[in-house]
Every structure is written in C-alpha cells, then in structure tokens.
Amino acid sequence: MTGNGPAIDALQQEGVTYPPPPGMAPYAVIGSAAAYARAEADPIGWWEEQAHRLQWDSPWDVALDDSTPPFYRWFTGGTLNAAANCLDRHLPERGDRVAFHWEGEPGDRMSITYRELHERVCRFANALKDLGVERGGRVAIYMGMILELPIAMLACARLGAAHTVVFGGFSAEALRDRMEDFGATVLITQDHSFRAGKKVPLKANSDDALAQAPGVRHCVVARRSEEPVDWTEGRDLWFQDIEDAADPDCPAEPMDSEQMLYALYTSGTTGKPKGIVHTTGGYLTGASSTHRTVFDLRDDDIYWCAADIGWVTGHSYIVYGPLANGATSVMYEGAPAFPSHNRIWEIAERYRVSILYTAPTAIRTYMKWGDTFPQVHDLSRIRILGSVGEPINPEAWEWYRDHIGGGTAPVVDTWWQTETGSIMISPLPAVSTLKPGSASRPMPGISARVVGEDGQDVPRGQGGYLVIDKPWPSMLRTLLGDDDRYVETYWSRFPGLYLAGDGCRIDDDGDFWLLGRIDDVMNVSGHRLSTIEVESALVDHPAVAEAAVVGRADEVTGEAIAAFVTLRDGVAGDDALITELRNHVATQIGPIAKPASIVLTADLPKTRSGKIMRRLLRDVSEQRKLGDVTTLANEEIVTEIAALAVANPHQED
Ligand code: WT7
C-alpha cells in the first residue's frame, strides 16, 4: 500500500444495532461505561487493580517498567505461581467445584474438580522433577484435547519451567523445529489422539521428530487409544504410570513476574515460525481479567471455549483465564461433526452451557449444515456468545445470535492475537450496543488507534492500520532468541506504536471494524478494498455459506476481484447463480467491489486453526506454483480449486 488517499477504502454501510439485554447491567462484572473512562484516566492503575485479583507471593515494586522500549516489563519485583493461582487458591472455598466437564470424541466422559486437578498436577510435577525439569526448564507438549494436556501445562508452571504446546495436527517436522528452537529437554505426548473418527499417531510422529532432536532426553506418553506404539526403553515413559508413582505433595515455586510462562509458535505467512514469548504476572493478569469481564463470568456459568489448546485461544481461554477465575468449563476432544452434525449442540445441552466461545469459520460451517441441528436441542441456558479468529460476517453474526443465542444473547466479537495474549478489542456484554461485524471498542486499559501511511490518525470512517499505542500487561515480550526480529516485525513501521498487521476503521460512534490482514488488501483501479467487506456481501446472499476473495493481477484494473464461494448444503450452483451473486455484491456495496470472477467450490483452503489462506487463492488465480502449504489443513482442495479456476477464469462483463 503506497501512494495518496486512504490506506483502505471502507465501503460497507452499517445496519442494525442491538442494545445490551435489559436488566443485565446491575448484575454484570462491568455494568457501566464509566469503566472505560476510569481506565483511560489511569491505565496502569487499572491494570494494577486487575493484577491484585491474583495471588502474589511477594508484591511488585514497579507496575510498568518502560525504561527500554519496546521491551516492556510488568509488575517487576513481584513473584507468583501461575499453577497456584489456577488451582491451590480455589481449594479452600471451591475445591469440589468442577474445573472441566471433559468429553472424549468416542463418547467417554469425565468431570474433574479443582481438588482432583490440583492433585494430578502436583503428582505429575513431581514426576517431571524426577526427569530433571526444574525452574527455568523447557518442556514441549504435543497432544490432543485430553485432560493430561492442561495437567502437563500446569505441572510445568508449578515448577517454574516454560512450556511450548505444539498443535496435535502438526507434522513431525513442525514438532522437531519447534522443540529444537525452544530447547526442550522433555516432550510430552500421547499414543494416539481421536479426531473425526480417526486415530492420529502422535507417538509415531514424536518418534520421527525425536530422531532428529538430540536435545530432548525423555518422551512422556499419555495413554489414550491404548493401542500399541513403538517404545524406546530409557527414553520413553507412560504419563499415568509416573504420575501415579509420584508424591502428591509439590510446593508451587514462586516465580518472577517476568519469568517466561510459555512460548507459542505462530507460522505467519512467510519465514521461520516465530516463538511468541509470554511471561507470568502480566499474562495471567490479562487473561484472567478479560475472561471475567468480556464473558461477564458468574458463579453459576458453564463456560465452553470450543477452541484447541494448541492455539493461544486455548491457552488463555481454556486453561489460564478460566482456571485463574475458578470457572467451570467444558472441554471436548473431537471434531464437531462426529458422529453427527448435532454433536456440538448435544454437548452444549448436556452440560447446560451458558457461555460459548468459538470461531467464525465454525459458525459458518454450522450455518451451512442448516438450522435444524441446533433447533432440536435445548440451548436456552446460553446467555453470552463469543467469536474470535477472523472478522465475523454480519450474516454469520445474526445467525449465531438467532439460532444459538435464542435471539437475545449478546455476541462478543473479540479481536486479539497470539502476540497480544488476551482480548484487546471487544464489546462488554452489559454495556455495549452491538453492531454485527464490529468488535466494538478497545477494552478498558487498552489504547488502540487507526493510522495512515504517515503514522497519523486517519479521519473517522476511513480505513488504515490498527496500532496499539500503550503497552499492556499480556503483551508478548519478544520473539524467542530473536529480539531484532521482534523490533523489526512489530515496532519499526511506526516507531513507538505496536503494528498489529490488521486493517481497521473506526466509525462515528468510536466502534472498530476490523478489515482483515493488511497483506490481503486488494487494489482495484486505485481503490484499496478489504477482503472482508466483499466476502460479507457474498455471505449475505441466502445461497452462500462461505466466501473468500483475493485480488488477482489484471492488466486494466491493476487487480481484479476473484471470489471463491461455498454454497449452503442443498443449494445447486449454476451460471445464473454466479451472475446473481456478482450483482448482489454490486448492489450491496457498489460496482467497484463486483467480483470479476466467482468459482464455486466445496471448501476453502484453511489453516489448521480455521483461517482462510488467501495467499494460496491468489497463487491459484494467477496460475502460479503454490507457495508454502505446510500449515494447510485440507491440501486437496487447492488442487481442485485450481482446476476449476483454470476451466472458468473470467466472467466479467
Ligand atoms: C489474527 C491473529 C486471537 C486468537 C486466535 C487467533 C485475526 C482474530 C479477530 C476478530 C477480526 C480477528 C486478526 C489477527 N482476528 N480475532 N475478532 N476480528 N480479525 O490468533 O492466530 O495470532 O491470529 O486473527 O487478523 O491479527 P492468531
């Protein structure tokens, strides 16, 4: 993006708004907009107040040390233990409360209380100690969604060792690279994980990775499938055996607030994965505070974040945030369509889920399957719905509220990143007037702006770059082993401002509208268009379930909009529908945004965390050799789409 004019043109017109549910405010965690003003007047004081909700072994000297930007430090001098905050602290008053209602994909179930979880974590921590894991140690974890995963994370935290969780859908190579970069001495995995009716061979993958990772001395294997796996005597140990044999008494180590709690690798679009470093005090403050305020957590809530713990969403909003708040969560092992399209709603009904947090890609998938699946389940307990991971199209937002939220539940569209550690921009459900498609405002204590090429604020209504202009407690501290890349990636474009890499506009009311990654912006005849607006206009059509658009090189317009569309189940696609869809976009947001071509496809290329990979669609549209596909979840679909795109390249009139 260079040249004059707005960094991104914003086309979409705003529609309906929804005020908070009547009567909610007096009972809410945050019930008044005064919180924004209070936090703005004294952001550091606001965060100190939030940090005081945790249990500290010794108090901090300085809340924010900003003497060496952009290497900010929070609550320096203070000590605490993350596992003690998530477990021990709750034992006197809520030890018998369920921490997780866990459900396996094959249908097995198990509920674990805080007291039971505490005991398992203590034993497993002692077992790790016997393997040489101690303060400052490094442990890699490669598991599916079984209880041993949070147990392993918390055991590390209890000892003061850092963990890196590698998503169980990643390959042996990805695991090896991350273990090596992290410097892990122990790997914790399981025999197989269950996913969509299949068994994923995590131990076999681990064996492959370990063959080329000499620094890792032990492999701890949780039993899940109970099926045979290869075994290396002396290196491999069964999780449950060493746990059972260990002592249940394990003191939690008081850790420096700035001690690394974990690193999590993000692949990004290019280059070597970045190890995002999170520390203890600030991270736990951010995750627990936002979990409580964004979801308006109450004592009788049953909370379900349907993400995978392998992503930051699971770290902050399945493990650390909810447990620090003493919440009761649902944790589900498997795929949403197993054994039928009812599974998610069956689980929500069974445990009387009151707060559900999931991703737009999942919501669009449920929409595509049709309304009948949620309809036959009692979802009347649901009172708050959350969305994270991508901009949510207004159509999907409305469907979520109507069909899952009974037409009344506020939808909190939460914007944040692996790097930010916790939610940055989101409605507060008892305070905010909601606009489908807008993430509302920066959270109290968070200061965000939208700037143009020159780093100055763009006028209201105009698109630009989203930046954060004040440090916040749960921010990444650096990229593991690469301070220079940390500065270069996030702090060099606009000195003093954290560059999020997303486009955004702020409307006249001060509400933020996320416009997608800046790398995805299209330039059509000199107009810089965001992908999300065109995609939302397509999804707005009743025949469409999901859409992705990219700019492909065009001699006349610079770039032309190429759209890829998935139809709802039961809808047949033909040329007439394609014409109708193109016209629909033109009427919705203007002729400039009318796609030059539309390819109908059964699926879209997505990362394993569900984000659409527009980069690959650009390659396909311009008939280039495909770029890196290692993070792709559904590789076959790209070849299929490529064939369709070649057969049917141009439709423009
Ligand atoms: C990127 C961060 C945050 C946990 C999961 C993803 C996009 C995330 C939203 C939202 C619009 C969103 C952004 C962001 N994103 N939430 N509510 N509205 N975009 O973590 O893999 O680090 O991805 O996801 O583009 O930069 P991540």
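Derivation of every value follows stated rules applied to the coordinates shown; laboratory data play no part. Predicted model only: the values in this text are computed from it and were never measured. Cβ sites come from the backbone with ideal geometry, for glycine too, and all protein chains shown count toward neighbours.
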>> Students often check this: by mean Cβ neighbours within 10 Å, which of 287-296, 381-390 ranks highest, and how do the rest follow?
In response: 287-296, 381-390
> Using a 4.7 Å Cβ cut-off, which Cys residues in the chain lack a partner cysteine?
Replying inline: Cys86, Cys156, Cys219, Cys305, Cys504
>> List the aspartates and glutamates whose Cα sits under 13 Å from the Cα of Lys611, skipping any in the same chain fewer than 8 residues away.
In response: Glu390, Asp520, Glu546, Asp603
> Taking the Cα atoms only, what angle lies between the long axis of helix 148-159 and the longest principal axis of the chain, rounded to 10 degrees?
Replying inline: 60 degrees
> Counting only the backbone N, which residues of the range 144-177 are under 20 Å from the spot 7 Å out from the Cα of Leu626 toward its beta-carbon?
Replying inline: 169-175
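Quick one: putting +1 on the C-beta of Lys and Arg, -1 on the C-beta of Asp and Glu, what dipole do you get for the chain around its Cα centre, in Debye to the nearest 20?
Numbers: 59 positive and 92 negative charges, 84 e Å.
For this selection, approximately 400 debye.
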>> Taking a virtual spin label 7 Å from the Cα of Arg350 along the C-beta vector, which residues in the range 280-318 bring their backbone nitrogen under 15 Å of it?
In response: 304
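Any idea what the dipole of the range 80-244 comes to, in debye rounded to 20, about its Cα centre with Lys/Arg Cβ at +1 and Asp/Glu Cβ at -1?
Numbers: 21 positive and 26 negative charges, 99 e Å.
Here the range 80-244 has a charge dipole of around 480 debye.
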> In nm, to one decimal, how far is the Leu644 label point from the Arg97 one, both placed 7 Å along Cα→Cβ?
Replying inline: 4.8 nm
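With the contact rule set at Cα under 8 Å and sequence spacing of 6 or more, what percent relative contact order holds for the range 521-647?
Numbers: 211 pairs, mean separation 26.5, N = 127.
In percent, rounded to a whole number, it is 21.
Can you pull a Stokes-Einstein diffusion coefficient for the chain at 25 °C (0.890 mPa s), Rh from Kirkwood over Cα pairs, as a whole number of µm²/s? Could you put the intermediate results ahead of the total?
On the way: Rh = 25.3 Å.
Estimated diffusion coefficient is 97 µm²/s.
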>> Tell me the angle of helix 281-294 to the major Cα principal axis of the chain, expressed in degrees between 0 and 90 and rounded to the nearest ten.
In response: 60 degrees
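Over the range 152-269, what is the mean sequence separation of C-alpha contacts under 8 Å (at least six apart), divided by residue count, expressed as relative contact order in percent?
Reported relative contact order: 32 percent.
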> Once both labels are modelled 7 Å past Cα along the beta-carbon direction, what's the Gln456-Asp508 spacing in nm?
Replying inline: 2.3 nm
> Ranked by Cβ crowding within 10 angstrom, fewest neighbours first, how are Ile188, Ile612 ordered?
Replying inline: Ile612, Ile188
> Once you put a point 7 Å from the Cα of Gln55 and another 7 Å from the Cα of Ala633, both along the Cβ direction, what distance in nm separates them?
Replying inline: 3.7 nm
> Which of His163, Gly215, Pro106 sits farthest toward the positive end of the charge dipole of the range 80-244, with +1 on the Cβ of Lys and Arg and -1 on the Cβ of Asp and Glu?
Replying inline: His163
> Which Cα, out of Val599, Leu632, Phe564, lies furthest along the positive dipole direction of the range 521-647 (beta carbon charges, K/R +1, D/E -1)?
Replying inline: Leu632
> What is the dipole size for the range 520-572, taken about its Cα centre, with +1 at each Lys and Arg Cβ and -1 at each Asp and Glu Cβ, in debye to the nearest 20?
Replying inline: 20 debye
> Residues with amide H under 5 Å of Ala222's amide H, sequence separation 5 or more or different chain, H placed in the peptide plane at 1.01 Å from N; which?
Replying inline: Thr189, Gln190, Asp191, Phe239
> Tell me, what HN-Hα J-couplings in whole Hz come from the Karplus equation 6.51 cos²θ - 1.76 cosθ + 1.60 at θ = phi - 60° for each residue of the range 512-527, using x for Gly and Pro?
Replying inline: 8, 10, 6, 10, x, 5, 5, 5, 8, 4, 9, 10, 10, 6, x, 9
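What ranking do 490-497, 604-611 get when scored by the average of other Cβ atoms within 10 Å per residue, highest first? The partial results should precede the final answer.
Details: 490-497: 15.6, 604-611: 20.0.
Ranked by mean Cβ neighbours within 10 Å, highest first: 604-611, 490-497.
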> What is the helix-to-structure angle for 636-647, meaning the angle in degrees between its Cα long axis and the longest Cα principal axis of the chain, kept from 0 to 90 and rounded to the nearest 10?
Replying inline: 10 degrees
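Roughly what % antiparallel, to the nearest 5, for the DSSP beta bridges in the chain?
Working: 57 of 95 bridges.
Counting only bridges with both partners in the chain, antiparallel ones make up about 60 percent.
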> Please state the relative contact order of the chain as a whole percent: Cα pairs under 8 Å, 6+ residues apart?
Replying inline: 14 percent
